[in-house]
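The values are calculated or read from the model by the stated rules, or taken from the named source; none is laboratory data. None of these values were measured; they are calculated from a predicted model. Counting neighbours? That spans all protein chains shown, and the Cβs are built from the backbone with ideal geometry, glycine included. These accessible areas exclude ligands, DNA and RNA; they are computed on the full protein's heavy atoms, side chains included. Shrake-Rupley method; radii C 1.70, N 1.55, O 1.52, S 1.80 Å.
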Amino acid sequence: MYKYFECPDGQMVEIESCLKNCKMANRCLSIATLRLISEQREWTGTPSTTQLLQGTREAYLKIVHDDLVMKPKAQLFRILGTKSHLSLEKFTENELSEVRLEDENSTGAFDLYDPATKTLYDYKTWGSYKVACALGIKMIDVETGEVYKSGARKGQNKTRKEISYGTPDMKDVELQLNDYRMKLEASGFPVEQIIVEAIVRDGGTYVASGRGITENGYLIPVAILPDEEVKAYFTAKAEALKHALETNTMPPECTDEECWDGRKCTGYCDVACKCDKGIRLNAPSEGMEVE
């Protein structure tokens, strides 16, 4: 659980104390935003679907430690999505929205189910890189037929960037939404298609267009996976987390896929300081000066 905020001056302050009285001359964010950021789901003994998508070690460490530190501004994109969800929930009519369902492995709250079309929707607020991955878009170098006539690259072939469409990369989303699908179907609501409604955080920018993302939002179809595959994944993850908690045993290191080949450990994991792999990857390189 998160107990502290990291202030702009690098000092730690208890979240409760911060909300009552900011020790800085000016708050880093509005009090309402800080209250929203500070909201946490208490551990009830049953994991959530999104919890099980994390590495088991990451999920375990977040549960057993009650002194975690949160950087408020690092949470802004997350609450942007939360605010969008809350706004969209007001505009449902005959659809089901934000209903929490539970099975033997986990609990999960889906965003929107349209019974008229038997469609499960999920709202995502993603950067253009993740949207491009979900659409299977890659930028590749294509030779122009010309060569450089001067400079350091003289004689080398000139290339230009072109869009290439390949296999979408959204395994975590496929698992998450198929788990919701199975929970819905077990409750009597058939699902014939799954769609992610993705808002592009950096839509309209040069960076986004350079990745082939030219719209501010996309409806992205999600593959329906075999039930056996989805159940096997979540059963294994739920049992591993339950065993770690019951025996107070540190789970194995997160896989390369779960920690994004170490990038999550070095910039996006809030429990990296509690994990030997995170500590190792964040240690200064040999020969680097430390102030």
- Note on the structure: 1/(1 + (r/R0)^6) with r = Cβ-Cβ of I279 and E42, R0 = 25 Å, i.e. FRET efficiency to nearest 0.05, evaluates to 0.35
- Message: I'd like the accessible area for T50: 1.4 Å probe, protein heavy atoms, all chains in place, Å² to the nearest 10.
- Response: 70 Å²
- Message: Keeping all protein chains in place and using 1.4 angstrom, which order do V69, V230 fall into by accessible surface area, from largest down?
- Response: V69, V230
- Beyond 24 Å (Cα-Cα) in this structure, taken from K124/K171; K3/K231; K124/K183, we find K3/K231
- Among (i) 17.8; (ii) 21.4; (iii) 15.2, find the value of mean projected area of the Cα convex hull in nm² that was calculated from the structure presented, and write down its label. (ii)
- Query: Picking from V173, I199, M139, whose Cα lies most toward the positive end of the charge dipole for the range 90-247 (charges on Cβ: Lys, Arg +1; Asp, Glu -1)?
  - Reply: M139
- Can you give the accessible area of E192 in Å² (nearest 10), computed on protein heavy atoms with a 1.4 Å probe? 130 Å²
- Between their Cα atoms, which of K161/K237; K90/K161; K73/K237; K118/K242; K71/K118 are more than 32 Å away from each other? K161/K237; K90/K161; K118/K242; K71/K118
- Task: Arrange the peptides 203-209, 1-7, 151-157 so that the one whose residues have, on average, the most other Cβ atoms within 10 Å appears first.
- Result: 1-7, 203-209, 151-157
- Which far-off residues, 5 or more places away or on another chain, put their amide H under 5 Å from the one on V99, with H placed in the peptide plane? F110
- Message: From the protein chains alone at 1.4 Å, what is the descending order of accessible area for M170, M182, largest first?
- Response: M182, M170
- Task: Rounded to whole Hz and in sequence order, give me ³J(HN,Hα) for the range 193-200 from the Karplus expression 6.51 cos²θ - 1.76 cosθ + 1.60, θ = phi - 60°, writing x for Gly and Pro.
- Result: 8, 10, 9, 9, 9, 9, 8, 8
- Message: Per q in 0.09, 0.12, 0.21 Å⁻¹, report the Debye log10 I(q)/I(0) for the range 18-143, using one uniform scatterer on each alpha carbon and no solvent.
- Response: -0.40, -0.70, -1.41
- Query: What accessible area, in Å² to the nearest ten, does a 1.4 Å probe give for E16?
  - Reply: 110 Å²
- Item | Antiparallel bridges, percent of DSSP beta bridges restricted to the chain (to nearest 5) | 70 percent
- Karplus-derived 3J(HN,Hα), 6.51/-1.76/1.60, for each residue of the range 270-277, Hz, glycine and proline x: 6, 10, 4, 6, 9, 10, 5, 5
- Hey, what number do you get for the chain at 222 nm if only DSSP H runs of n ≥ 4 count, each worth -39500 (n - 2.57), divided across all residues, to the nearest 500? -10500 deg cm²/dmol
- Query: Do any cysteines in the chain lack another Cys Cβ under 4.7 Å, and if so which?
  - Reply: C7, C18, C22, C28, C133, C265, C269, C273, C275
- Send over a whole-number figure in Å² for the accessible area per residue of the range 136-291, probe 1.4 Å. 66 Å²
- Query: Under a GNM of the chain (C-alpha, springs under 10 Å), which listed residue has the highest mean-square fluctuation: G166, G127, G108?
  - Reply: G166
- Residues with amide H under 5 Å from that of K158, placed H, sequence gap 5 or more: T144, G145, E146, V147, Y148
- the chain - charge dipole about Cα centre, Lys and Arg +1 at Cβ, Asp and Glu -1, debye rounded to 20: 1240 debye
- Counting only residues 5 or more places away or on other chains, whose amide H sits under 5 Å from the amide H of R201 once H atoms are built in the peptide plane? W126, G127, S128
